[in-house]
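Trainee: Following this message is one structure expressed as structure tokens.
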Amino acid sequence: MKAFEYVSTASADIAVKALGGVDGAILAGGTDLLSRMKDYVTTPKRVVDFNPQSVVQKETSPGGVPTWTILAGTTLADLLASKALREELPALWQAASEVGTPQIKNMATIAGNLLQRPRCWYYRSGFGLLSVKDGKNLLREGDNRYASIFHTDGDALFVAPSSLAVPLIALGASATILGPKGERTVMVSSLYQIPKRDSDRELTIGADEVLTKITLPAPQGKNATYEARQKQSHDWPLVLASVSLRFDGASVSQASIVIGGVAPIPYRAVEAEKAMFGKPVTLETAEAVAANAINGVKPLSGNVYKVALTKTVVKRALLAAVGNRYWEEV
Amino acid sequence: MPSVWPENPRLIGTRITRLDGLVKATGKAKYPSDMHPEGMLFGAMLYSPHAHAKIKSIDLAPAERMPGVKAVMIVGAIKPGSTLRFQGDDIAAVAAETEEQAWDAVLAIKVEYEVLPHVVTEAQAVAPGAASVFKGTGIVNNQKKARSQTNGDPEKALGAPGVVSIEANYMAPVITHVCLEPHGLTVRFVGEDKIEAWASTQAVGVTAGDLAGAFGIPTTNVTVHTEVMGGGFGSKFGADIWGITAAHLSKKAGGRPVKMFLDRAHEHLGAGNRPSAIAHVKLGASKDGKLVSLIAETSGTGGAGSGSNFPLPYVYAVPNSSRTHTDIFVNGGNARAMRAPGHPQGCIVMEAAMDDLADKLGIDPLEFRLKNLKERDMVEDGFSKPTVDRTPMYLDEVAMGADLIGWKAKWKPRGKNGDGPIRRGLGMALHQWGGGGPATNQVACTINPDGSVEMKSATQDIGTGARTIFAIIAAEVLGLNVTDITSNIGNSTFPPGQPSGGSTTTPAMSPPAFNAAILARDELFVKVAPGLNAKPEDLTLADGQVCVKGEPKLPWKDACRKLGQQSIQVTGKSSPGLASQHGGVGGCQFAEVSVDIETGVVRVKKIVAIQDTGLIIDKMTWETQVYGGVIGGLNYGLFEERVMDPTVGIMLNPDMELYKLAGASDIPEIVVRAYETPAMKARGVIGVGEPPTVSTAAAIGNAVSNAIGVRVPHWPMSPKNVLDALASKEGKA
Amino acid sequence: MADLEQKTKQGASRRDFLRGSGFAAATAVITGPAIASLDEAKAAEPEFKIVSDTTTLKLKVNGVDRTCEIEPRCTLLDTLRNRLDVTGPKRVCDRASCGACTVILDGDLVYSCTTLAISCGGKKVETVESFDSGVNSVPHAFVQNDGLMCGYCTPGFVTACKVMLDHNPNPTIDEVRKGVDGNICRCGTYVGVLQAALAAAKTMKGA
Ligand SMILES: Cc1cc2nc3c(=O)[nH]c(=O)nc-3n(C[C@H](O)[C@H](O)[C@H](O)COP(=O)(O)OP(=O)(O)OC[C@H]3O[C@@H](n4cnc5c(N)ncnc54)[C@H](O)[C@@H]3O)c2cc1C
Ligand code: FES
Ligand code: FES
């Protein structure tokens, strides 16, 4: 790790000030940032240890839809400890429960999770986000077993790493961001973009901005997450999907279906969402809807297996939302 | 007269907790990497970022000027013009006041590279026109063919009427040792010509010799301590370039101690690995299931110079066979011995082919295996000729294992394991190993007038419980408790002890330990007999008492007090009759898995491991080793894989995250049983560190194929490999 | 009305309160985090303090006040091992994936390899060395159940086990598995580790 100067604060205002005009980085739980710094992939001149509170709360406004607020410093452990969250936002709870390890859950924050940088092994080896060297895309030519299967025409072939972004987008969450020019609120989905050049970032948040909280409307309906991974103990999802469904009687009146591990941004399966409309969730409909989720898929040389996996994961997330866990062994 | 182990042992073969357990479990044990002698500097290595490069120039001066830096040097024979043959190849080293300063200084060293074309995968290495890793006799296109071994006429036998055969490819990747404590040592150069080191090594004696050799000083001037160490698995047998470099840095820094341990990436890159195995196999049998022929063309890579051979045919009797093995060289770190070198690969290839052929023949693969056992053990342990007929042993062991896994009730032919998303499957595999140990070691036993007993030898504990083994043997002979004995090991100046490799430590060290305890006991008898008005031969020891003709007469401590000022000090040697007269052990393993055919995720549900290893000294640490071997094999079967990038030539997962290793939630129910008949015990002590890791990955692969109805030819059994195999079956159908 | 859903562990879970806020106002000596409300902290903290050089760190390790010189980039792990000679926690992956460096920081189980020492000023660090090792202890159960071989991973496992049992004195075997899933053992001692945790749960209750 290279030497840096250090600032510690619990105040977002001060954090923004401390980031101003320097090559700085916010340090939250440190589980991502410090590893990148040890690998010399990220070498900030100043590290701003931003340590706000860990609070999850649900606010009811008279007449309106209740709102969930999760402050930036909320650890995954604290998120998971919330019984109400587990009941009402199982998609988020499930995704958080599968992230990392007990130690990581105690350290990692929601902001850090959403804003962690890709785990792509070329990026982590210092070949840049797009891993293009001498005109060759290393990920396209090399070992791309964990890489994208959607949006693969461009050079950004890594997958967006955050497990929590997937349910939060499905649940329609927003992020509040404080910058030198004040506060702004964006949809969580807008935190991510597909970089075109190596100098682009995959995150839209500015280098001098700080994420302060996540808010989301209490969902009306059912939501769930399903994740497929190689190891049972800590491991990254190969593919995960979150769904949030509203019902009109037994039929789905609105569906959000978001898939992680398949694209450089959390991938919204729009066609599958449409296909789900007006149908009840059954084994048959889920299977058919999931088939729509892979429309337009373009896998790379070594990740064709992810196509079948994506179908399964979407199907299972839909069924999990209605309590059908057909794949569990009896 | 050949010695014999006690016929009715009180301690040997029982479950005894390890003596150094608590000091380890409380974090108080000081590992070589924990040492911090006064004035210590921190060392760090600069290693090649490129797979293949020539050093154009190298400038240490900027590093020398960095704050806190006390010594900087080029490593080994590196100089401008030198070729680096793999990412991780060593270049230079630094010692500084703090570790952070040492890293900064490493970054400050200026090296100009001429990057050369590389090959890092087997396919790349053998492609026409591939860059050459190095030139050598017999190496063509990065390949060196071993002499092919032929028995009988395999082609003719395979083509004979009525012979059923399969033709298949199997592949197991390179994996690395991932010792938790990295390679390295803490070392102090003392005066002009002495060295003291705390090394993470499997061989204190070899390490001392390496250091002495590097400086041209007598080995007696070098002391290597290894009180405890954090895992080696075959990769830690000497001082290595890193240890020698650290000693040079210490010397340069005026004798200040230097701590030098590799970082995790360097550990993956340069500290050893198990070679890959690629096999093209034809195996044929008569319709009634007797093997007739094996034709195998195999290859593998052990890196930029090491070989990759493995035993094949394995375990089974094949009357006609031909085998050609080709070593493929790549720009990758060199292989080192890794837990049963060669055998896991041989086992995967042979046992996969056995299963595939049994399936084609429509025979229960268990029955098929039993029909084809060899009459004589093929494994020679290097110390003695095996003379054991393994067939009846395998028959018993397989019967035990089949019973414990429920083979009869649960096994179904391939593809007949249900139609839901989750398929269950059973698989099995047999294995063998040498074991045994040479008779060249010594153990000193001291009985002091205060009654304390010390056992001492220059061997070391790599997690196998060596201290405890000495104490059990001494306590058995002296009629004491295990905790009454002090075992001092892990010091190169002690009487010569066995390097911990090849499962030889316990078999090599138990006989001299037994001999030492007996010699010491007999000397004590001579000393105390007159006072008891008895003849030495009338004396025995039991329950902390000296007995005369079986009657307890004198408590141990009182007897020892009679020694006056003089301790008894004897040195035991290996004596015949105790161990490894008939090396060669074996066993079998069974795996039950569930495979989710929609996700390709494999979960191992249960593993049964049956193992013979002669006489067992400590049942508890023995079992732990078998569990450990099985879990190592489970990692090989499910998770491990070194991933290389062909374009830039680097390892993509030199970590413990994408280099996947099992955690607690990945561990199935594991049932371990010793095959421990009186005949087995009579064979004496034979080691167990390696054999139980051999067949696990093979058994898991076979269970997966049994579950899903198609062979997954590539290890590990990852979702990708499983789904790819399922897709290729659909493609064919 | 805000219905404050969440307050996990009793007492001062480190993020229930502000951490480091006392530090910003103070000198280069890092003292404990003041327990203050957000508003108070804002008021008391108009500007920020930059630490760019070696600084003095004070923290409580295993009940003892310790002081040492660190750089901002020193991890808690390297500070413990290299500067304070607390070597129970080991450096193995150095990237938050193996658990060998596990310590208890203000009551929470964390990886010390990915924690900056400078953010631990005034905090309480407990390492395996401070645990009870008597007959009802977790380390004792590891020995009795042979949950260790080379022992290099063991301090991390013992620490994770102890915290798991502190939170859940009655774990099922799957809960034990989850509790130690942040730790990796290369020798393959998991069977003994799981038995040890279950045995420790029993004896600790019996005690
Ligand atoms: C073994 C292992 C397994 C893992 N498995 C998973 C997994 O399955 N799924 C998953 O999603 N993740 C996984 N992770 C990653 C882990 O979840 C992240 O490292 C963690 O969530 C990051 O949170 P943190 O608080 O530690 O962030 P930090 O490391 O402190 O920060 C991460 C990034 O976010 C920025 N940042 C943090 N807070 C703010 C803020 N308030 N405003 C602006 N920028 C900010 C930082 O500057 C930094 O760039 C795994 C990690 C490991 C080591
Ligand atoms: S050393 Fe910290 S988790 Fe591995
Ligand atoms: S006991 Fe050796 S790594 Fe766990």
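Trainee: Pairs A:K105/B:K660; C:K178/C:K205; A:K279/A:K311; B:K527/B:K573; A:K45/A:K136; B:K24/B:K236: which exceed 27 Å Cα-Cα? Walk me through the intermediate numbers first.
Mentor: Details: A:K105/B:K660 20 Å; C:K178/C:K205 21 Å; A:K279/A:K311 18 Å; B:K527/B:K573 22 Å; A:K45/A:K136 31 Å; B:K24/B:K236 20 Å.
Violating the 27 Å Cα-Cα cut-off are A:K45/A:K136.
Trainee: Applying a 10 Å radius around every beta-carbon, put A:123-136, B:288-301, B:451-464 in order of their mean neighbour count, most first.
Mentor: B:451-464, B:288-301, A:123-136
Trainee: Continuing with the same structure: How big is the B-A contact in terms of buried accessible area, both chains counted, 1.4 Å probe, rounded to the nearest 100 Å²?
Mentor: 3200
Trainee: Which whole-number percentage describes the relative contact order of chain A, with Cα contacts under 8 Å and a sequence gap of 6 or more?
Mentor: 17
Trainee: Name the helices (complete DSSP H segments) of chain B with a Cα length along the long axis of 15 Å or more and a Kyte-Doolittle mean of at least 1.6, or state none.
Mentor: Correct list, ordered by number: B:466-478.
Trainee: Residues of segment C:117-149 with backbone nitrogen within less than 19 Å of a virtual label 7 Å along the Cα-to-Cβ line of C:E47, please, listed as ranges.
Mentor: none
Trainee: Across segment C:53-130, how large is the tail of the calculated P(r) beyond 18 Å, expressed as a percent of all Cα pairs?
Mentor: Value for segment C:53-130 (Cα pairs over 18 Å): 28 percent.
Trainee: Percent of Cα-Cα pairs per 5 Å bin, from 0 to the last occupied bin, for segment A:1-158, please list those.
Mentor: 2, 8, 14, 15, 15, 15, 14, 10, 5, 2, 1, 0
Trainee: Here is a further query. So how do B:228-236, A:16-24, B:420-428 stack up, highest first, on mean other-Cβ count within 10 Å?
Mentor: Numbers: B:228-236: 27.1, A:16-24: 18.4, B:420-428: 21.6.
The packing order, highest mean first, is B:228-236, B:420-428, A:16-24.
Trainee: Can you list residues whose amide H is under 5 Å from C:V61's amide H, if they're 5+ apart or on another chain and H is modeled 1.01 Å from N?
Mentor: Under 5 Å from the amide H of C:V61 lie the amide H atoms of C:R66, C:V125, each far enough along the sequence or on another chain.
Trainee: A further question on this structure: With a 1.4 Å probe on protein heavy atoms only, tell me which residues of segment B:408-423 lose at least 20 Å² of accessible surface in the complex relative to the chain by itself.
Mentor: Listed by number, the residues meeting the 20 Å² cut-off are B:P421, B:I422.
Trainee: Over segment C:131-207, how many percent of alpha carbon pairs lie in each 5 Å bin up to the one with the longest distance?
Mentor: Spelled out per bin, shortest first, that is 3, 19, 33, 28, 13, 3, 0.
Trainee: Tell me the Kirkwood hydrodynamic radius of segment B:424-521 in angstroms, computed as one over the mean inverse distance between distinct C-alpha pairs.
Mentor: Details: mean 1/r = 0.0707 Å⁻¹.
So the Kirkwood estimate lands at 14.1 Å.
Trainee: Let me ask you something else. Identify, among B:S200, B:G13, B:S33, the residue whose Cα sits farthest towards the positive end of the charge dipole of chain B, taking +1 on the Cβ of Lys and Arg and -1 on the Cβ of Asp and Glu, with the dipole about the Cα centre.
Mentor: Result: B:G13, furthest along the dipole toward the positive end.
Trainee: Taking the highest mean first, how do the peptides B:76-84, C:49-57 order by number of other beta carbon atoms within 10 angstrom per residue?
Mentor: Per-residue mean Cβ counts within 10 Å order the peptides as C:49-57, B:76-84.
Trainee: Let me ask something else. Give me the dipole magnitude in Debye, nearest 20, for the protein assembly as shown about the Cα centre, with unit charges on the beta carbon: positive for Lys and Arg, negative for Asp and Glu.
Mentor: Approximately 900 debye in magnitude.
Trainee: Shielding of B:175-186 by partners, i.e. mean partner chain Cβ atoms within 10 Å per residue?
Mentor: Average per residue, whole number: 3.
Trainee: Using a cut-off of 21 Å between alpha-carbon atoms, which lysines can reach B:K287, once sequence neighbours fewer than 8 places away in the same chain are excluded?
Mentor: Answer for B:K287, where 21 Å is the Cα cut-off: B:K156, B:K360, B:K371, B:K374, B:K412, listed by chain and number.
Trainee: Please give every one of the lysines within straight-line cross-link reach of B:K144, meaning a C-alpha to C-alpha distance under 21 Å, and leave out same-chain neighbours fewer than 8 residues apart.
Mentor: Output for B:K144: B:K135.
Trainee: Based solely on C-alpha atoms, express the radius of gyration and the Dmax of segment B:27-146 in angstrom.
Mentor: Using the Cα atoms of segment B:27-146, the pair Rg, Dmax is 18.5, 57 Å.
Trainee: Send over the per residue convex hull volume for chain B, Cα only, as a whole number of Å³.
Mentor: Convex hull of Cα atoms, per residue: 169 Å³.
Trainee: Ignoring ligands, DNA and RNA, what accessible area per residue does the protein assembly as shown give at 1.4 Å, in Å²?
Mentor: Heavy-atom SASA per residue in the protein assembly as shown reads 34 Å².
Trainee: Same structure, new question: When you look at the Cβ of every residue in B:96-104, what mean number of other chain Cβ atoms sits within 10 Å?
Mentor: Average neighbour count from other chains, rounded to a whole number: 4.
Trainee: Still on this structure, please answer the following. At 0.692 mPa s and 37 °C, plugging the Kirkwood radius over alpha-carbon pairs of the protein assembly as shown into Stokes-Einstein gives what diffusion coefficient in µm²/s?
Mentor: Working: Rh = 32.2 Å.
The diffusion coefficient I find is 102 µm²/s.
Trainee: Taking each residue in A:56-68, count the Cβ atoms of any other chain within 10 Å of its Cβ, then average. What number comes out?
Mentor: Numbers: counts 5, 5, 5, 5, 3, 1, 1, 0, 0, 0, 1, 0, 1.
Whole-number average of other-chain Cβ neighbours for A:56-68 is 2.
Trainee: List the residues of segment A:103-151 that lose 50 Å² or more of accessible area once all protein chains are present, compared with their chain alone (1.4 Å probe, heavy atoms only, no ligands or nucleic acids).
Mentor: A:Q103, A:N106, A:M107, A:W121, A:R145
Trainee: Here's a follow-up. Would you mind telling me the share, in percent, of accessible area of the protein assembly as shown contributed by carbon and sulfur at probe 1.4 angstrom?
Mentor: Whole-percent figure for carbon plus sulfur exposure: 52.
Trainee: Interface C/B, total buried accessible area with a 1.4 Å probe, nearest 100 Å²?
Mentor: Heavy-atom accessible area buried at this interface is about 4400 Å².
Trainee: Next question. Label segment A:255-330 by shape, choosing from rounded, prolate and oblate, from the square roots a ≥ b ≥ c of the eigenvalues of the Cα gyration tensor; if a/c is under 1.5 it is rounded, and otherwise prolate applies when a/b is larger than b/c, oblate when it is not.
Mentor: Values: a/c = 2.03, a/b = 1.36, b/c = 1.49.
Oblate.
Trainee: Further question: Cα to Cα, under 13 Å, and not fewer than 8 places away if on the same chain: which aspartates and glutamates meet these conditions relative to A:K58?
Mentor: Partners within reach: A:E87, A:E88, C:D3, C:E5.
Trainee: Would you mind telling me the antiparallel percentage of the DSSP bridges in chain B, rounded to 5?
Mentor: On the way: 101 of 131 bridges.
Percentage antiparallel, nearest 5: 75.
Trainee: To the nearest 500 deg cm²/dmol, what mean residue ellipticity at 222 nm is calculated for chain A from DSSP H runs of n ≥ 4 alone, each contributing -39,500 (n - 2.57), summed and divided by the residues? Could the numbers behind the result be given before it?
Mentor: On the way: 13 runs with 95 residues, N = 330.
My calculation for chain A gives -7500 deg cm²/dmol from helical runs alone.
Trainee: Here's something else I'd like to know. In vacuo Debye scattering of chain A, one point per C-alpha: log10 I(q)/I(0) at q = 0.15 Å⁻¹?
Mentor: At q = 0.15 Å⁻¹ the computed log10 ratios are -1.28.
Trainee: Which of rounded, prolate or oblate describes segment A:214-276 when judged by the alpha-carbon gyration tensor and an a/c cut-off of 1.5?
Mentor: In terms of gyration-tensor shape, prolate.
The values are calculated or read from the model by the stated rules, or taken from the named source; none is laboratory data. Owing to the predicted nature of the structure, the values given are computational and were not obtained by experimental measurement. Note that we place each Cβ from the backbone using ideal geometry, even for glycine, and neighbour counts take in every protein chain shown. Just so you know, the surface numbers come from the protein's heavy atoms only, side chains and all, with ligands and any DNA or RNA stripped out. Shrake-Rupley method; radii C 1.70, N 1.55, O 1.52, S 1.80 Å.
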